[in-house]
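Worksheet: one structure, shown below.
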Amino acid sequence: VFALLGPNGAGKTTVVKILSTLIGADGGQARIAGHDLTAAPQAVRAAIGVTGQFSAVDGLITGEENMLLMADLHHLPKQEGRRIAAELLARFDLVDAAKKPASTYSGGMKRRLDIAMTLVGSPRIIFLDEPTTGLDPRSRHTMWRIIRDLVADGVTVLLTTQYLEEADQLADRIAVLNDGRIAAHGTAEELKRLVPGGHVRLRFTDPTAYRNATSALPETTRDDEALTLQIPSDGSQRHLRTLLDHLDTAGIEADELTVHTPDLDDVFFALTGGT
């Protein structure tokens, strides 16, 4: 899974449209599944599937009819089309709703049907453009399971999302897109290391212990009202052990210790200017 993160207007959907041959690029080169995007667009289309931000499901027909329509568009023989449609409806837990109009489906069911329709052509690469937008937490987690299952089956997924937790949960690599340019890319852990701000927070209930700690730990950010100290830290075990040894030596015991390391929220705001 390769995730493309970015604020509204960064260019995520435009990237998907270019790479899926829906619109042309102004310049540059790209290869999809080994095929040149400009020279062999038909070969690219044969290798990919696209699930856009807005559902491609036709609400006037049933879920099964939507699947069979996709099979016809892929020029599959009738019998094979019916077999594949039945298998995918079962895989996405849509058998009970297969004969019902898609307009009666919940948002999560429509999204599952949308991806099932994308899989009719057995694509090697799938573009998922904000696939969980508008879904409730349960449906979102179901979608995450589906995406993990696709990857386990050997499918490559390019995922665009505004949900930082989603990228953290799913992506092997992440790129942060801002104003049409890649601001940074790497694994989630690599991106988190780009952003300073890791710290250890000590909280005290005894004012005397707090004053002793402020004297013993000069490089801290103080909050005299809350009786807390914030100490810069890279979050490593070595630094934490050194800090604890220092506190023990000074005879200081905090009532609460918490470690904060930068997360993808911090990365996102740092790289996109907080937009």
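Under a GNM of the chain (C-alpha, springs under 10 Å), which listed residue has the highest mean-square fluctuation: Ala250, Ala56, Ala71?
Answer for the Gaussian network model of the chain: Ala250.
What's the angle, to the nearest 10 degrees (0 to 90), between helix 137-152's Cα axis and the longest principal axis of the chain?
Orientation of helix 137-152: about 70 degrees from the principal axis.
For the Cα atoms of the chain, what angle does the longest principal axis make with the long axis of helix 107-118, in degrees from 0 to 90, nearest 10?
Its long axis makes an angle of about 60 degrees.
Pick out, from His185, Gly121, Gly198, the residue whose Cα sits farthest towards the positive end of the charge dipole of the chain, with +1 on the Cβ of Lys and Arg and -1 on the Cβ of Asp and Glu.
With unit charges placed on the Cβ atoms, the residue in question is Gly121.
As an exercise, identify the chymotrypsin sites (Phe, Trp or Tyr not before Pro) in segment 1-94 lying in DSSP coil whose Cβ has no more than 12 other Cβ atoms within 10 Å.
Phe54
By how many nm would the segment from Asp263 to His239 grow when fully extended, if each residue of separation counts as 0.36 nm and the alpha-carbon distance is taken off?
6.8 nm
In whole Å, what are the Cα extents of the chain along the three principal axes, biggest one first?
80, 46, 29
Per-residue ellipticity at 222 nm for the chain, helices alone: DSSP H runs ≥ 4 residues times -39500 (n - 2.57), over residue total, nearest 500 deg cm²/dmol? Before the final figure, lay out each step's value.
Numbers: 11 runs with 112 residues, N = 275.
So the calculated ellipticity at 222 nm is -12000 deg cm²/dmol.
Calculated FRET efficiency, Thr14 and Ala46, Cβ-Cβ r, R0 25 Å, to nearest 0.05?
The value I calculate is 0.65.
Just the number, please: Stokes-Einstein D of segment 1-60 in µm²/s, Kirkwood Rh from C-alpha pairs, 25 °C, 0.890 mPa s.
Translational D for this selection: 189 µm²/s.
Residue by residue through segment 57-66, which ³J(HN,Hα) values in whole Hz follow from phi under the Karplus form 6.51 cos²θ - 1.76 cosθ + 1.60 (θ = phi - 60°), with glycine and proline marked x?
Result, ordered by residue: 5, 8, x, 7, 10, 6, x, 4, 5, 4 Hz.
Is segment 199-269 rounded, prolate or oblate when judged by the Cα gyration tensor, a ≥ b ≥ c being the square roots of its eigenvalues, rounded requiring a/c under 1.5 and prolate requiring a/b larger than b/c?
The shape class here is oblate.
Could you tell me which of rounded, prolate or oblate describes segment 122-219, using a ≥ b ≥ c as the square roots of the eigenvalues of the alpha-carbon gyration tensor, with rounded for a/c under 1.5 and, failing that, prolate when a/b is larger than b/c and oblate otherwise?
Here segment 122-219 falls in the prolate category.
Among the lysines, which fall within straight-line cross-link reach of Lys12, defined as a Cα-Cα distance under 26 Å, with same-chain neighbours fewer than 8 residues apart omitted?
Lys12 reaches Lys110, Lys192.
Along the Cα-to-Cβ line of Ala30, 7 Å from the Cα, sits a label point; which residues in segment 136-171 have backbone N less than 13 Å from it?
Label zone hits: 158-160.
Just to be sure I understand: of the beta bridges DSSP finds with both ends in the chain, what percent are antiparallel, rounded to 5?
Values: 21 of 38 bridges.
Expressed as a percentage, antiparallel bridges in the chain total about 55.
Compute the acute angle (0 to 90°) between the alpha-carbon long axis of helix 78-91 and the principal axis of greatest extent of the alpha-carbon atoms of the chain; round to the nearest 10°.
Taking the Cα atoms of the chain, the angle to 78-91 is about 20 degrees.
Laboratory data are not the source of any read-out in this text; all were calculated from the coordinates shown. The model shown is predicted, which means the values in this text are computed figures rather than measured ones. Backbone-built Cβ (ideal geometry, glycine too); neighbour counts: all protein chains shown.
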